[in-house]
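Every number here is computed from the coordinates shown, using simple stated rules; none is lab data. This structure is a prediction, so every number in the text was calculated from the model and none was measured. With ideal geometry, Cβ positions are generated from the backbone for all residues, glycine too; neighbour counts draw on all protein chains shown.
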Ligand code: GDP
Ligand code: IMO
Ligand code: MG
């Protein structure tokens, strides 16, 4: 029996929500440890779809505790709106089943505005990141700059006004520089006091809760957001998100020591997608890319943007296996590849006439690399809804085996549709 960390091994949207939901049956606690409502995790249970951005995917299962850890940046309005939306779908969120770290950083309206202003300004110069405009980056900047307002501050009306002054000194200087209107102290105080009563009941000393539960033998499931190639250090910088998305962050972003993390499960799509700007060596701008996008319904859950699609990049995932310490993967969306005559897998790149086996760190080199492919035969049979290896065509099994070999990690779970139960279990990560 062990704890399990789920991370995305590509550029996000690998199907983390579906797999976390499936695994959460076996867990007692599900913890988010980074990111914010830039995430969009879709679960489909008996034909009903749930879209979660901030709440851990375990929230839909009765009897589980969902935790938002200190590593998350929390927009209180987004939290309250998501709780209401889930309530309308019959999922009750109360302080019984949701705990929010008292030391988590808050996203304020000024963060969202700054994110948008910067993206608008960068659009004109062709340098935008293509963020979700949720204020994620600016909120993390304030956290590291030691001027953030945190959940616990909502309960301390004596110190809050001074903290608001401090954050405004910084933001109003930026806003003046961008030619935008300044924000008043009263406006931010009003924004914070209007949500305090509804957010504070969820506050928790999360490190202590996790420590107690771990000692009692509870099974803890960590739910990563985004993907390893969007990691602030290990991703395709600067086209990344503003947090560490790799598995090590599960510890720092929750307060549970790294020795207790256990099995690291990398969620891996059977092809590659990315939303927003940035390098994407195996991107397909042809009819095959369009086929993958349409068949895989590759539209962003959060922004509705079309996701860029391409062949599976084993060189990138091999890198993620290393940077996360991935024990095994959950391979998702294999069914989307049904019907293609042949399939390509990227095994490395050509850079300035030399073959290399990993994506270089420099932005210029990342833009110049050309993928080196191996080609496999496709399969015509449908794998949609397959629930055992025996249901898979021989060529599909060959593809999976090739992926395992190239990335250097075994498949623990295989997903063949958005539905919770259309999942093949090879190795139970909690029992490994
Ligand atoms: P996440 O951000 O990693 O949780 O992934 P998203 O939920 O943003 O995107 C994954 C999409 O693929 C969702 O719409 C899922 O319902 C869907 N999905 C997950 N697994 C599978 C699968 O095995 N096959 C198919 N066809 N769709 C899947
Ligand atoms: P899930 O958890 C895919 C991308 C954005 C943009 C970059 C920076 O659903 O896999 P940000 O708003 O975070 O500053 O945007 O990161 N991005 C995601 N792409 N899936 C996500 O989350 C993402 N969260 C952020 O598109 O390129
Ligand atoms: Mg998503």
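Miscellaneous remarks
- Between helix 394-407 and the chain: long-axis angle, C-alpha atoms, 0 to 90°, nearest 10: 60
- Helix content alone sets the calculated 222 nm mean residue ellipticity of the chain: runs of n ≥ 4 DSSP H residues at -39500 (n - 2.57) each, divided across all residues, give -9500 deg cm²/dmol.
- Each DSSP beta bridge with both residues in the chain is either parallel or antiparallel, and the antiparallel ones are about 40%.
- Mean sequence separation of contacting Cα pairs (under 8 Å, at least six apart), scaled by the length of the chain, corresponds to a relative contact order of 21 percent.
- Folded to 0 to 90 degrees: helix 109-125 orientation relative to the chain principal axis, Cα: 50
- 0 to 90° range, to nearest 10: angle between helix 160-177 axis and the chain longest Cα axis: 60
- Theoretical gain in end-to-end length, residue 124 to residue 178 [0.36 nm per residue, Cα-Cα removed]: 18.1 nm
- Cα centroid separation - segment 112-161 against segment 1-36, whole Å: 26
- In terms of other Cβ atoms within 10 Å, 45, 326, 65 run from fewest to most in the order 45, 65, 326.
- Nitroxide proxy distance, nm - points 7 Å out along Cα→Cβ at residue 25 and residue 363: 4.6
- Extension gain for residue 421 to residue 387 (0.36 nm times residue separation, less C-alpha to C-alpha distance): 11.4 nm.
- Fluctuation leader among 409, 396, 173 - the chain, Gaussian network, Cα springs under 10 angstrom: 173
- Placing a label point 7 Å from the Cα of residue 352 along the Cα-to-Cβ direction, the residues of segment 365-380 whose backbone N falls under 15 Å from that point are 365-370.
- Segment 170-237 and segment 382-432 have Cα centres separated by 35 Å.
- Binned Cα-Cα distances of the chain, short to long, each 10 Å bin given as a whole percent: 4, 22, 31, 25, 13, 4, 0
- Once the Cα-Cα distance is subtracted from the 0.36 nm per residue extended length, the residue 195 to residue 428 segment shows a gain of 79.8 nm.
- Using R0 = 30 Å, the C-beta based FRET efficiency linking residue 187 and residue 252 works out to 0.40.
- Rounded FRET efficiency, nearest 0.05, which uses the C-beta distance separating residue 169 from residue 342 and R0 of 60 Å: 0.50
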